[in-house]
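First comes the structure, then the notes that go with it.
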Amino acid sequence: MRSRQRMFAAVMRLLLKCLRLGRRRRFKLVRQVEQLWHYGHLSLRSLLYNSFTNGDVVLDSLFEPVYWLVDHVTRWFGVVFVALVIGLTSSIVAIVYICLLPLILQTYTPAWICWHLAYGHWNLIMIVFHYYMAITTSPGHPPQAKNDLTGVSICRKCIAPKPARTHHCSICNRCVLKMDHHCPWLNNCVGHYNHRYFFSFCLFMTMGCIYCSISGWEMFRDAYAAIERMKLLEKERLQVAANQTYYQTPPPTFSFRQRAFHKSVVYLWVLCSSVALALGALTLWHAALITRGETSIERHINRKERQRLQKKGKVRTAHSMGTGWGRARRDGPLPVLQVFRNPYSYGSWDNWKVFLGVDVPRHWLTRVLLPSPHLPHGTGLSWDLPPCVTEQRAPLLAI
């Protein structure tokens, strides 16, 4: 009897130990899961934390797959875009010579004929020259070997010295001097040595499209009305043909040449007007950048840097001269704050002279109004004061 009681007690003690051990293991497993959760949450926050994070950084991160796709598509379709530009421009020139020029010679006065011939051919020569130079001229690349350049950084992708205003192009996979952007319509980067060619091409192409749109407005209205009249007569002819019995289909009311002429005029006006609006907006944007002495990339960098310095109170804001500053002036001396400006800006007029390479007054004719392959100021490795700048820059806070 006692032996049975002892055996029962031993079994019960063993069962209680197993229960306690299982409970300990269960609690230990829960603690391990909680520790892993807290560790993962802390690791995720440490990876995503950034004191410079703002809305722009979040948008850039979200659009990173789109940027990757655009980079790779642009790399392969650059030749297609160049062929498209050449094809569309050639079609407009062919329509002008085949359809419009004979009509101009027959109906316009000699003075207007001379104006159209002179301006049209000059504009065409400027477009062809600057587009050819923009796609064939290298934008400029920094040397890969170490040199005596001062104040340069190192490109994290090229692992090579990167001078000031130089940026890495993910499409060309190279650093570009004074990079503005990679243009798919040129299949080339826009940089130090071909920036003027790119802007001049945009400007003269916009001027040419506006010229064609204004000059061909009356022709476009007549051609559009003629096409609508063709459609109406064709509809009436088909209705008459359906009510009668013919052995053969009746001949068309308008000839193929007339149809082609009117449709070509409509195509010319619609294409030139669309390009004038789109390319004109791009040209105005780049003209504003040139006036400020910036590139497209530097515009973004300078804006973010200005906002960062304004938050730290190191530069004046738009409200710096308001009522708050008047109260501060009565209370005590004002803190000395600087004005943030682009360090590569020489003033609006001098920025244009430096960009276009105008050193003397006659260069406005020989280098701006006529085709000119002259090189820009400097080598793109250092940015000394150009000789055409008359006034020294005041020391201002800038990046």
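Within the range 263-282, residues that are farther than 15 Å from I95 by Cα reach partners that are modelled with pLDDT of 95 or more and open to solvent by 70 Å² or more (accessible area, probe 1.4 Å) with beta carbons closer than 9 Å, at six or more positions or on different chains, in the pairs S273/I210; A276/I210; G280/I210.
Among the residues examined, R31 does not qualify as basic (K, R), open to solvent by 100 Å² or more (accessible area, probe 1.4 Å) and modelled with pLDDT under 70. For N173, indicate whether it is at positive phi and not basic (K, R). It is true that N173 is at positive phi and not basic (K, R).
Residues in the range 38-62 that are at pLDDT 70 or above and aromatic (F, W, Y): Y39 only. Given the condition hydrophobic (A, V, I, L, M, F, W, C), more than 23 Å from L282 (Cα to Cα) and either open to solvent by 70 Å² or more (accessible area, probe 1.4 Å) or modelled with pLDDT under 90 (or both), answer yes or no: does some residue in the range 295-313 qualify? For the range 295-313, residues hydrophobic (A, V, I, L, M, F, W, C), more than 23 Å from L282 (Cα to Cα) and either open to solvent by 70 Å² or more (accessible area, probe 1.4 Å) or modelled with pLDDT under 90 (or both): present.
Scan the range 273-282 and tell me whether some residue there is at pLDDT 80 or above, at positive phi and surrounded by 14 or more Cβ atoms within 10 Å (Cβ to Cβ). The answer is no, given that none of the residues of the range 273-282 is at pLDDT 80 or above, at positive phi and surrounded by 14 or more Cβ atoms within 10 Å (Cβ to Cβ). Scanning the range 84-142 for residues that are in contact with a His (Cβ under 8 Å, 6 or more places away or on another chain) and open to solvent by 60 Å² or more (accessible area, probe 1.4 Å) yields one hit, Y108. Pairs linking a residue in the range 365-390 that is more than 22 Å from Y131 (Cα to Cα) and in contact (Cβ under 8 Å) with a residue 12 or more places away in the chain to a residue that is of a type outside the set (A, V, I, L, M, F, W, C) and surrounded by fewer than 16 Cβ atoms within 10 Å (Cβ to Cβ), with Cβ atoms under 6 Å and 6 or more positions apart or on different chains, are C388/D359.
Looking only at the range 352-372, decide whether some residue is over 20 Å from I290 (Cα atoms), of a type in the set (D, E, K, R) and modelled with pLDDT under 70. No, because not a single residue in the range 352-372 is over 20 Å from I290 (Cα atoms), of a type in the set (D, E, K, R) and modelled with pLDDT under 70.
Selection of the range 77-107 for residues being of a type outside the set (A, V, I, L, M, F, W, C) and within 23 Å of R259 (Cα to Cα) yields G87, T89, S90, S91, Y97, P102, Q106, T107. Take the conditions (1) in contact (Cβ under 8 Å) with a residue 60 or more places away in the chain; (2) touching a Ser or Thr at 6+ places or on another chain (Cβ under 6 Å); L233 misses just one of them, which is (1).
The values are calculated or read from the model by the stated rules, or taken from the named source; none is laboratory data. Values in this document were obtained by computation on a predicted structure and should not be read as measured data. Heads up, the Cβs are rebuilt from the backbone with ideal geometry, glycines too, and the neighbour counts pull from every protein chain shown. Accessible surface areas use protein heavy atoms only, side chains included; no ligands, DNA or RNA. Shrake-Rupley method; radii C 1.70, N 1.55, O 1.52, S 1.80 Å.
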